[in-house]
Amino acid sequence: MKEKIINIVANSSYESRKIKQKLIKLLKDNGYTPSKNFNPDAELNVCIGGDGTFINAVHKNNFTKIPTVGINTGHLGFYQEVSPDKLEKFIEDYNNGDYSIEELKLVEAEIFTRNKSLILSGVNEIVLKAKHSKIIHTNVYVNRNFLEKFSGDGLLISTPSGSTAYNFSCNGSLVHHSLEVMQMTPIAPINSVVYRSLTSPIIIPGSYTISLVPEKRYANSNLLLVDGKEYFFNNLKKINLKLSNRKINKLVFSQDSYWENLRDKFL
Ligand code: NAP
């Protein structure tokens, strides 16, 4: 019979380590083979911690197609579907196939410097900022149409599932995960007779390309944040952003979990 492998990652908190031990025993009792290292032949990834643990795991596993489910031992746990006191119910529902798969979109940035180009992807968001808390001055195009010369602290491009994260703190809208869109949200835009920047977030179709072209004199002072991780580039020419063709599969056990999450975690 084919082995039923389940990958388990946990953060280092006492609670997470305790839950991990309990889960490993329950999984073995139910005929599964838990794996503490990422096994590409697994049928499921279980991620124990908060949203940070979920985000780190999907980056580390190179946005694998293997479905992921989160057990929330963190603070907020927007991505974390299962409560630690409902492990038995989780295994029962999983055994019975009482779940559905939700696709999480990724935002993808193609970065062009004078010498190279590379692609980075984010689950929550990609943010263009400046080093040393300086202002950014960047031209913004949507499908090659010039939109604005933005001046301010930064421009944040979020996925629907990332709309509840940094985007929300910057007055961005909450966007349902089923929508194939990106949101471009300004961070502290300057709007004066000297600088004219849009002050409102814009929702843009995910297949469109947002191009950020920093002014030449700022080409060496940029900072890119991808799900909170910092990247610096010299001679930055342009960043093209769109929703990626790759998606993450997340297990959900309640069709109403999106609305329950908003209510329970924000109100
Ligand atoms: P962190 O400092 O541990 O996380 C910041 C907070 O954001 C945590 O409470 C985390 O939840 C929560 N969070 C992450 N993704 C979320 C989502 N999709 N919806 C709602 N809340 C979410 O840093 P981290 O764990 O490495 O996470 C990086 C993320 O922090 C970035 O992607 C960015 O969205 C967010 N961030 C927010 C601000 C801000 O709001 N001003 C500033 C910088 C970064 P848990 O407690 O469950 O981990």
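Enumerate the residues in the stretch 1-23 having an amide nitrogen under 17 Å from the point lying 7 Å beyond the Cα of Glu43 toward its Cβ. Answer for this model: 1-8. Quick one: helix 51-60 against the long Cα principal axis of the chain, what's the angle to the nearest 10°, folded into 0 to 90? Taking Cα atoms only, the helix is inclined about 90 degrees. Residues whose amide H falls under 5 Å from that of Gly206, counting only those 5 or more places apart or on a different chain, are Val181, Met182, with hydrogens built in the peptide plane.
Compared with the dominant Cα axis of the chain, that is its longest principal axis, helix 257-266 is turned about 70°.
Across the options Leu236, Phe63, Asn45, the greatest Cα extent toward the positive end of the charge dipole of the chain (unit charges at beta carbon of Lys, Arg, Asp, Glu) belongs to Leu236. Of the trypsin sites (Lys or Arg not before Pro) in the stretch 81-189, which ones lie in a loop per DSSP and count no more than 15 other C-beta atoms within 10 Å? In loop regions of the stretch 81-189 (DSSP not H, G, I, E or B), the sparsely surrounded trypsin sites (Lys or Arg not before Pro) are Arg114, Lys116, Lys134, Arg144. Taking the longest Cα principal axis of the chain as reference, the axis of helix 87-96 is set at about 90 degrees.
Across the stretch 13-25, coupling constants 3J(HN,Hα) worked out from phi with the 6.51/-1.76/1.60 Karplus curve, θ = phi - 60°, read 5, 4, 4, 5, 5, 5, 5, 4, 4, 5, 5, 4, 5 Hz, and Gly and Pro carry x. Here the stretch 194-239 is treated with +1 on each Lys and Arg Cβ and -1 on each Asp and Glu Cβ, and its dipole about the Cα centre works out to around 220 debye.
From the alpha carbon centroid of the stretch 189-267 to that of the stretch 52-114 is 20 Å. Here the accessible area is traced with a 1.4 Å probe on the protein chains. For the stretch 106-245, carbon and sulfur cover 50 percent of it. With all protein chains in place and a 1.4 Å probe, the accessible surface of the stretch 5-98 carries 49 percent carbon and sulfur. Per-residue packing, averaged as other Cβ atoms within 10 Å, sorts the ranges 58-64, 12-18 into the order 58-64, 12-18, beginning with the highest. Taking a ≥ b ≥ c as the square roots of the Cα gyration tensor eigenvalues, with a/c under 1.5 meaning rounded and otherwise prolate when a/b beats b/c, else oblate, which class fits the stretch 5-98? Verdict is rounded for the stretch 5-98. Both numbers refer to the Cα atoms of the stretch 83-151; Rg and Dmax are 21.0, 54 Å.
Considering only Ser207, Ser173, Asn115, the residue lying farthest towards the positive end of the dipole of the stretch 106-245 is Asn115, judged by Cα position with unit charges set on Cβ.
Put a plus charge on the Cβ of each Lys and Arg, a minus charge on the Cβ of each Asp and Glu, and nothing anywhere else: the dipole of the chain about its Cα centre is then about 1220 debye.
Hey, which of these cross-link pairs are over 28 Å Cα-Cα: Lys134/Lys229; Lys65/Lys131; Lys86/Lys229; Lys36/Lys250; Lys89/Lys265; Lys86/Lys265? In this structure, Lys65/Lys131; Lys86/Lys229 lie more than 28 Å apart at Cα.
Per residue, the chain exposes 51 Å² of accessible surface when a 1.4 Å probe is rolled over the protein heavy atoms with every protein chain present. Given the DSSP H assignment, sum -39500 (n - 2.57) over each helix run of at least 4 residues in the chain and divide by its residue total; what's the result at 222 nm in deg cm²/dmol, nearest 500? Helices in the chain give a 222 nm mean residue ellipticity of -5500 deg cm²/dmol.
Taking the Cα centre of the stretch 15-158 as origin and assigning +1 to Lys and Arg Cβ atoms and -1 to Asp and Glu Cβ atoms, the resulting dipole is close to 840 debye.
The values are calculated or read from the model by the stated rules, or taken from the named source; none is laboratory data. This one's a predicted model, so the numbers in the text were calculated from it and none came from an experiment. Reconstructed Cβ throughout: ideal geometry from the backbone, glycine too, with neighbour counts over all protein chains shown. Calculation scope for accessible area: heavy atoms of the full protein, side chains included, ligands and nucleic acids excluded. Shrake-Rupley method; radii C 1.70, N 1.55, O 1.52, S 1.80 Å.
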